[in-house]
C-alpha cells in the first residue's frame, strides 16, 4: 500500500470522447508524475506537476493535459481519444521533483473502442 | 535506442534459484530505481540507488556508476517473486522495457 490512489481503476471510452483520470498523492508529497504504459512496454512519461505547476512534459500531444490542486492531488485529461490511447495510466507522487523516491498508484486501465 | 536497456526481456526460473536482472543506461544519473510491477498493474518501488549496493530481504541491488550498469539479484527465488521488474532513471523519466520473471514451483 503506497498511499497513492488512482480512480477509476478501469474505464472504457469511445474514440473521440474525453476522459479525466484522478490521482490522490501520498500525504506530504508535492509532486505528481503521470505515465502511459502500453501493453508489454515500459512506462512513458507524460508530464509532471510540482506545487501546482507543470514541471516537465514528455512527447505527448496537447490533447493530454493536466492539473494539480492545492492539496496536491492531480488530474490527467485526454481529449479526442484515439484507439492508441488505450493503455495503463500510472501516477507517482514524491516529495520533490528530483532525486527522491516515488510512490506509484495502481493505475487506471483505459480502453478506447 | 532506448537510453535504459534491460536484459533479459523474459526469465523463467525454478523456485530456489538465484536470479540476476541487468540494466545499462547511457544517461547521466543522480539515482537509479528498481521497480516491481505485478499483473494487476500497480508498481512498487524496490530500491533507489546512487552508489554501491542495497539489500532488502532476498533482494539485492548494485550499481556501478563508472560502467553505467546496475543489477537486481533475487536470492532463493519464490513463485511470488513472479512479476515484471523495471529499472528506471526517474529524474530523466526514462524506463527500461522491463524483465518479465516467472518463478515455477
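The figures follow:
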item	result
Hits in the range A:1-12 - residues which are surrounded by fewer than 18 Cβ atoms within 10 Å (Cβ to Cβ), touching a strand residue (DSSP E or B) at 6+ places or on another chain (Cβ under 8 Å) and in a loop (DSSP other than H, G, I, E, B)	A:2, A:3, A:8, A:9
Residue that is farthest from residue B:92 (Cα to Cα), among those in the range B:19-38 that are touching a strand residue (DSSP E or B) at 6+ places or on another chain (Cβ under 7 Å) and not in a strand (DSSP E or B)	B:38
Residue list for the range A:85-104, filter: closer than 11 Å to residue B:41 by Cα and at the interface with chain B (Cβ under 7 Å from one of its Cβ atoms)	A:88, A:90, A:104
Residues (within 14 Å of chain B (Cβ to nearest Cβ) and on the phi > 0 side of the Ramachandran plot) located in the range A:13-52	A:40
Among the candidates B:30, B:26, B:45, residue that is closer than 24 Å to residue A:55 by Cβ, exposed (fewer than 14 other Cβ atoms within 10 Å of the Cβ) and at the interface with chain A (Cβ under 10 Å from one of its Cβ atoms)	B:30
Condition check for residue B:15: in contact (Cβ under 8 Å) with a residue 60 or more places away in the chain, farther than 24 Å from residue A:6 by Cβ and more than 14 Å from every other protein chain (Cβ to nearest Cβ)	yes
Lone qualifier among A:102, A:80, A:87, A:97 - being touching a strand residue (DSSP E or B) at 6+ places or on another chain (Cβ under 8 Å), touching a residue at least 12 places away in the same chain (Cβ under 8 Å) and more than 22 Å from residue B:29 (Cα to Cα)	A:87
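Just so you know, all these numbers are worked out from the coordinates, no wet-lab data involved. Since this is a predicted model, take the numbers as computed values, not measurements. FYI the Cβ positions are ideal-geometry reconstructions off the backbone, even for glycines, and counts take in every protein chain you see.
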